[in-house]
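Please read the structure below before turning to the comments.
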């Protein structure tokens, strides 16, 4: 295995172990899973960051190698581990990890978290751009990967928007997590984050049921459009100041159409799997 892939995979593995550990802590000590101080934060950040790093390790093996790959992987791994580590540290201290400048130490931690997020985002941006070059994979899987990476980058950028909005809200003594009356900033930020796992898995699944590349490509295209639609729906709801399911007629149409597009590969796979035994029966 290439060194950059090893670094990224090891980073992801360590974070997943951290997530499992914090699940155990929560099961032992109890407490809420919502709010700025809860075991949900280290659990969520460990698992989400872990699967993202493992996804990037997989992608790294499909990209054309460069002399900078090992350094980029090392910078990404160290920055991600440090960022999530600081978030975990604040939970263990019993204080919020974000939007917290109550002491000079907390302010320093917050500054470091923001700086580390910027480093992680820059590496993701580099890998996203590179994913639109030559990829050692089939056309349907390449589409899934490129769409997933673009959505991951958008998620990262929306994270910065969320931070800037939250800081402005604090200056007005308002909740940093809400946009307008009821928009949930983490909804817009979180929705596109895991397309890089879901879309390639859909492509893999379609190959397992025996679809040819052309049909896989069409199904993955439909799923990609559906995922982009869900990301758009989350952004519409958030930035119009509405809660997740306080829909207008327009946003309801976006949600329904996106769900239908996302369902296409699953229906295609089910129909293919259902028809296969009958064809075997006719030829025997």
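Some notes on this structure:
- Spatially, the stretch 141-189 and the stretch 200-246 are offset by 19 Å when compared through their Cα centroids.
- Degrees between helix 3-29 axis and first principal axis of the chain (Cα, 0 to 90, nearest 10): 60 degrees
- Overall, the anisotropy analysis places the stretch 136-222 in the prolate class: the square-rooted eigenvalues a ≥ b ≥ c of its C-alpha gyration tensor yield a/c not less than 1.5, with a/b exceeding b/c.
- Per-residue packing, averaged as other Cβ atoms within 10 Å, sorts the ranges 262-270, 6-14 into the order 6-14, 262-270, beginning with the highest.
- Contour excess over end-to-end distance, with Cα ends at residue 64 and residue 112 and 0.36 nm allotted per residue: 14.1 nm
- Using a simple spin-label model with pseudo-atoms 7 Å out from Cα toward Cβ, residue 6 and residue 139 lie 3.7 nm apart.
- Anisotropy class of the stretch 1-127 from Cα gyration tensor, a/c 1.5 cut: oblate
- Relative contact order for the chain: 15 percent, from Cα pairs under 8 Å spaced at least 6 residues apart, divided by residue count.
- Ranked by the mean number of other Cβ atoms within 10 Å per residue, highest first, peptides 48-59, 237-248 order as 48-59, 237-248.
- Read-out Rg and Dmax of the Cα atoms in Å, derived from the coordinates shown; its label in (1) 19.5, 70; (2) 20.8, 77; (3) 22.1, 78: (2)
- In terms of the mean number of neighbouring beta-carbon atoms within 10 Å, the peptides 149-161, 97-109 order highest first as 149-161, 97-109.
Rule-based calculations on the coordinates, nothing more; no lab input. From a predicted model like this one, the values you see are computed outputs, not experimental measurements. Cβ sites come from the backbone with ideal geometry, for glycine too, and all protein chains shown count toward neighbours.
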